[in-house]
Amino acid sequence: MFFIFGWNHQDTTSYGHVEEHLCQNCHNREFWHLNKITTYFTVFFIPIFIQENCYWYYCPTCNYGIKLDKDEFLNYKSIAEINSYFLENKITEEDRIKKLDETYSNIEKANQLKKAKIIAESKNWVELASKKTTNELLTIINEERNEFNPAFIIAAEIEIKKRNTINK
Ligand SMILES: [Zn+2]
């Protein structure tokens, strides 16, 4: 008889210092740290595949922190790398500020694009809501809200409010 036994194994990668925050849990002002926690499925201690990546941004004093999504993680990772280079004397303070400036402006650009996309999507939802009859909208809001995109429900509620004001 042959048994294969597998279980999960976790690896933590530390990326170092990112930004200074006042921790709402321990009230210390510290540079928060960035970690990636990778969970592998292993068989006989050999990692077979990655099961999950978790991105963790936390206060080094009390370990209070937040989970990041992948985009946020990549942004914070760039900042942590710049800070590490500086701490290891690989770049000057002047270079550090210049690189941080570039990174923040790239993040800003990416956020603007994300925002523009969300606004464009909202416009589509508003248009869709404006094409429905009041009865259809009421049914959706009151009975079927779980079946629709939350952004559409908001648009539907605004549309109803608008129609009510016009009728008064
Ligand atoms: Zn803390």
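The values are calculated or read from the model by the stated rules, or taken from the named source; none is laboratory data. Just so it is clear, the model here is predicted, and its values are computed rather than measured. Counting neighbours? That spans all protein chains shown, and the Cβs are built from the backbone with ideal geometry, glycine included.
One line per residue, one yes/no per condition, for (1) under 21 Å from Ser105 (Cα atoms); (2) in contact with a helix residue (DSSP H, G or I) (Cβ under 7 Å, 6 or more places away or on another chain):
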| site | (1), (2) |
| --- | --- |
| His9 | no, no |
| Glu20 | yes, no |
| Gln24 | no, no |
| Thr38 | no, no |
| Gln51 | no, no |
| Tyr55 | no, yes |
| Asp69 | yes, no |
Over the stretch 56-83, the set of residues in a helix (DSSP H, G or I) and of a type in the set (Val, Ile, Thr) is Ile79, Ile82
Evaluate the stretch 87-101: report whether one residue or more is within 16 Å of the ligand (Cβ to nearest atom) and among the β-branched types (Val, Ile, Thr). no
How many residues of the stretch 8-33 are within 15 Å of the ligand (Cβ to nearest atom) and either in contact (Cβ under 8 Å) with a residue 24 or more places away in the chain or among the β-branched types (Val, Ile, Thr) (or both)? The answer is 13
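The rows are residues; the columns are (1) surrounded by 15 or more Cβ atoms within 10 Å (Cβ to Cβ); (2) outside the structural domain of Asp11 (by TED's automatic domain parsing); (3) on the phi > 0 side of the Ramachandran plot.
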| residue | (1), (2), (3) |
| --- | --- |
| Glu30 | yes, no, no |
| Asn35 | yes, no, no |
| Thr38 | yes, no, no |
| Thr61 | no, no, no |
| Ser78 | yes, yes, no |
| query | Is there a residue being surrounded by 15 or more Cβ atoms within 10 Å (Cβ to Cβ), within 16 Å of the ligand (Cβ to nearest atom), in a strand (DSSP E or B) and modelled with pLDDT of 95 or more anywhere in the stretch 42-55? | reply | no
The residue that is farthest from Asp71 (Cα to Cα), considering only those in the stretch 132-149 that are exposed (fewer than 10 other Cβ atoms within 10 Å of the Cβ) and of a type outside the set (S, T, N, Q), is Glu143
Has the stretch 100-108 got at least one residue that is loosely packed, with under 11 Cβ neighbours inside 10 Å and outside any helix (DSSP H, G or I)?
no
